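Student: Could you have a look at this structure, given as structure tokens, before my questions?
The values are calculated or read from the model by the stated rules, or taken from the named source; none is laboratory data. Computed from a predicted structure; not experimentally measured. Using ideal geometry, Cβ is built from the backbone for each residue, glycine included, and neighbour counts are taken over all protein chains shown.
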Amino acid sequence: MAIPASQMLTVARYVMKQRLAGRERYPLVLMLEPLFRCNLSCTGCGKIQYPSSILKRHLSVADCVAASDECGAPMVSIAGGEPLLHPEIAAVARALVERRRYVYLCTNALLLERKLDEFEPSKFLSFSVHMDGPRAEHDHSVSREGVYDVAVKAIRAALARGFRVTTNTTLFEGSNPERMRRFFDDMMELGVEGMMVSPGYSYEKAPDQEHFLRRERSHRLFSQMLGEPKKSWSFNQSPLFLQFLMGKRDFECTPWGNPTYNIFGWQRPCYLLQDGYAKTFRELMEETEWSRYGRKSGNPRCQDCMVHCGFEPSAVRAAFESPRAMGATVASMVTGRL
Amino acid sequence: MIEARIAQLVDRAFDYRGYVTLRRSDGSEVVGFVYDRGASHLELLDQSATRRMRVPLAEIADIAFTGEDAARKSQEIWERRQGTLESSETPAHGDWGEAGPVLVLVALEQELRAVGRALDGAPRAGKVRGRLGGNDVVTLASGMGKDPGPALAEWQPRLVVSCGFCGGLDPGLIAGDLVLATAVRAASGEVLTAPEPARLAAAAMLEGLRYRQGELVQAASVAATVDEKRALARSGALAVDMESYAVGLEAAEAGIPWLVLRAVVDPADSPLPEFTREARRDYTWPALKYALKGPRAAARLVRLAREFRLASDALTTGLRRLGPALDAAEARP
């Protein structure tokens, strides 16, 4: 697996500390959305449909730092919107890195190459480049020609400058497993540190409502794609989560694992659903009716969701709760088998 | 218990990705974006997306969906172009453009120093550059009544702020009061209305300070006497300056949003000494010469110095407050 040892140790120490403190619910990754505006309009995205006055707003550096301090999660995923449209995004990343947070700056990479000068390489900072598959699939997914090529060029430039780079791939109905396997080869040949994969969430506000994967279909697709994984592939994810996608394991969602903060406040209950906002992180954790969410709750919006923001924390948690699951995690990391 | 019709409207408003207008039982209206709800209230962001408002459900008589639904718009765009992709020539910033700085235009060095304090920067060669609320801000002192066109062409700002001192025309204004222009009136009588998103966002930020909103009238030269100010007050303007109309006009023609924030130095009943009619980098010598005219002149000068200090401090405070509004005021796309 591609996650650096120092990051794994930090997360392991953090999880152990939470367990020793007897905390039932704790965050793993802060999903920080400093803005909603974007320079693409992807077919499966339900994040950016707001009036322009709201799209023009962004969190300040101080807001972002305060949210990270309040939440305390060891990792921060800066999402959006397109974070590189934020006028002070480099200062946001720098401030979080100074606090020794592992920062994943999610970007479509359209502006990455021209903004690289503003960032300094660090083991705490990784550019997580949105790549939804091979050239044709990716450009279709983001509804613009040429984006795949721009992103590949930006990834090369970032790697040449010593930055950590990962990819983040969202899959929809119609994805071809064989082509995706070749795409994984291409990404690893480019030299990225690791890849992240997840089925898309069926956002109510996304333009394309026909291509979201149902649960059974997700199992089939990920089994075909990740069955007999190549030794050269590295995933920046828990092997247990990948096994969950393949239908080999079952987890319940951990919606509080990746709490989301944006200009409205702390989003209830998770990164994907918007049932309102809490004013403080504590209020989010203590006053959200968590029993209303997850597959077992019967909430129809949760039935087909297998997205990493809800289930990756479940997989990490499972590894620390059972020696057997921890053994399976370690074995998969050593052998590369899923 | 709220009635079923209102409960349904509340559900729809919470789900709606556009602005709604809430009509209260007392007939008053609130326009905003509903982002949260509790058992007995709705939380909204105002139209400038800078001010949060809470409205009790019990007060809501009706909800109208008055703003465009961004989700439906996105759906329609996608349906229209289904199967076709945007060109690879589309700018990398998409619809958002590469953001230029906020350009603050002042006339005098004294005004530049007041702005500099807000930006935590020292003026150099008639310019201060700094940040306010995360925004890149460039401030230029261009001289009294000078053409703002070249500065706008050079900096291509995303927002222009005409800033500095003004003379009070409304008898209620005292030294140190801030004036946020709803419109600017030319000496010839033409009126330009200030762009609303920028002004509303600014107004929300200035709440709690001594400030008024109203019209500013342009004077061709410093209105120093009480009689001159009385004549200008007949237009109904709150205050007078020499630059804001030209700034508003130039910005409007360039399609750039603009704001006017001024601080009152001399109230309506307070005349200015003659030497203030002339723009200078340093008023020390003319002021000393004026003071030597006698005790009354000296006393007037002491009062004027106090009024300048009050106006200068108000300008610094007002600009610092404006920081978050400068984001919201970006008018592009």
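Student: Identify, by number, the condition in (1) out of contact with any helix residue (DSSP H, G or I) (no Cβ under 8 Å at 6 or more places or on another chain); (2) buried (at least 18 other Cβ atoms within 10 Å of the Cβ); (3) more than 14 Å from chain A (Cβ to nearest Cβ); (4) among the charged types (D, E, K, R) that B:Glu111 doesn't meet.
Tutor: It fails just one condition, (1).
Student: What residue, among those in segment B:234-254 that are surrounded by fewer than 24 Cβ atoms within 10 Å (Cβ to Cβ) and of a type in the set (Asp, Glu), is farthest from the chain's Cα centre (by Cα)?
Tutor: Among residues in segment B:234-254 that are surrounded by fewer than 24 Cβ atoms within 10 Å (Cβ to Cβ) and of a type in the set (Asp, Glu), the one farthest from the chain's Cα centre (by Cα) is B:Glu253.
Student: If you don't mind, another one. Residues B:Ala13, B:Ala58: which one is more than 11 Å from chain A (Cβ to nearest Cβ), under 29 Å from B:Pro324 (Cα atoms) and assigned to a helix (DSSP H, G or I)? Reasoning before the result, please.
Tutor: Numbers: B:Ala58 fails: under 29 Å from B:Pro324 (Cα atoms).
Going through B:Ala13, B:Ala58 in turn, the sole match is B:Ala13.
Yes or no, residue by residue, for (1) farther than 22 Å from A:Glu137 by Cα; (2) not assigned by TED's automatic domain parsing to the domain that holds B:Val10:
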{"site": "B:Thr50", "(1), (2)": "yes, no"}
{"site": "B:Ala58", "(1), (2)": "yes, no"}
{"site": "B:Ala70", "(1), (2)": "yes, yes"}
{"site": "B:Arg80", "(1), (2)": "no, yes"}
{"site": "B:Thr84", "(1), (2)": "no, yes"}
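Student: So, one more: Identify the residue in segment B:16-48 that is more than 9 Å from chain A (Cβ to nearest Cβ) and touching a Lys or Arg at 6+ places or on another chain (Cβ under 6 Å) and, among all such residues, is surrounded by the most Cβ atoms within 10 Å (Cβ to Cβ).
Tutor: B:His41
Student: Output yes when any residue across segment A:193-203 is within 20 Å of A:Tyr104 (Cβ to Cβ), over 16 Å from the mean Cα position of the chain (by Cα) and either assigned to a strand (DSSP E or B) or of a type outside the set (D, E, K, R) (or both), and no when none is. Even if it seems obvious, please write down each step before you answer.
Tutor: Pass one, segment A:193-203, residues within 20 Å of A:Tyr104 (Cβ to Cβ): A:193-201.
Narrowing further to those that are over 16 Å from the mean Cα position of the chain (by Cα): none.
Scanning segment A:193-203 turns up no residue that is within 20 Å of A:Tyr104 (Cβ to Cβ), over 16 Å from the mean Cα position of the chain (by Cα) and either assigned to a strand (DSSP E or B) or of a type outside the set (D, E, K, R) (or both).
Student: Take segment A:148-184 and flag every residue that is more than 19 Å from A:His211 (Cβ to Cβ), within 14 Å of chain B (Cβ to nearest Cβ) and of a type outside the set (A, V, I, L, M).
Tutor: The answer is A:Asp149, A:Lys153.
Student: Tell me, yes or no, whether segment A:125-143 has at least one residue that is within 11 Å of chain B (Cβ to nearest Cβ), closer than 20 Å to A:Cys38 by Cβ and part of a loop (DSSP other than H, G, I, E, B).
Tutor: There is at least one residue in segment A:125-143 that is within 11 Å of chain B (Cβ to nearest Cβ), closer than 20 Å to A:Cys38 by Cβ and part of a loop (DSSP other than H, G, I, E, B).
Student: Here's another thing I want to ask about it. Could you tell me whether B:Thr84 is touching a residue at least 12 places away in the same chain (Cβ under 8 Å), over 22 Å from A:Thr288 (Cα atoms) and surrounded by fewer than 16 Cβ atoms within 10 Å (Cβ to Cβ)? Explain how you work it out, then say what you get.
Tutor: Working: touching a residue at least 12 places away in the same chain (Cβ under 8 Å): no; over 22 Å from A:Thr288 (Cα atoms): yes; surrounded by fewer than 16 Cβ atoms within 10 Å (Cβ to Cβ): yes.
For B:Thr84, the condition - touching a residue at least 12 places away in the same chain (Cβ under 8 Å), over 22 Å from A:Thr288 (Cα atoms) and surrounded by fewer than 16 Cβ atoms within 10 Å (Cβ to Cβ) - is not met.
Student: Pick from segment B:270-298 the residues that are assigned to a loop (DSSP other than H, G, I, E, B) and hydroxyl-bearing (Ser, Thr, Tyr): which of them is surrounded by the fewest Cβ atoms within 10 Å (Cβ to Cβ)?
Tutor: Let us first name the residues in segment B:270-298 that are assigned to a loop (DSSP other than H, G, I, E, B), namely B:270-273, B:278-283, B:292-294.
In the following step, the residues that additionally are hydroxyl-bearing (Ser, Thr, Tyr) were identified as B:270, B:283.
On the way: B:Ser270: 18, B:Tyr283: 20.
For segment B:270-298, the residue satisfying everything is B:Ser270.
Student: Still on this structure, I have one more. Is it fair to say B:Ile77 is more than 25 Å from the chain's Cα centre (by Cα) and within 14 Å of chain A (Cβ to nearest Cβ)? Outline the logic, then answer.
Tutor: On the way: more than 25 Å from the chain's Cα centre (by Cα): yes; within 14 Å of chain A (Cβ to nearest Cβ): yes.
Yes.
Student: Of all the helices (runs of 4 or more DSSP H) wholly in segment A:1-94, which have at least 3 residues that are at pLDDT below 95 and hydrophobic (A, V, I, L, M, F, W, C)?
Tutor: Details: elements: A:5-20, A:52-55, A:61-71.
Qualifying helices (runs of 4 or more DSSP H): A:5-20.
Student: When segment B:122-157 is examined, which residues are found to be within 14 Å of chain A (Cβ to nearest Cβ), surrounded by fewer than 24 Cβ atoms within 10 Å (Cβ to Cβ) and assigned to a loop (DSSP other than H, G, I, E, B)?
Tutor: B:Gly133, B:Gly134
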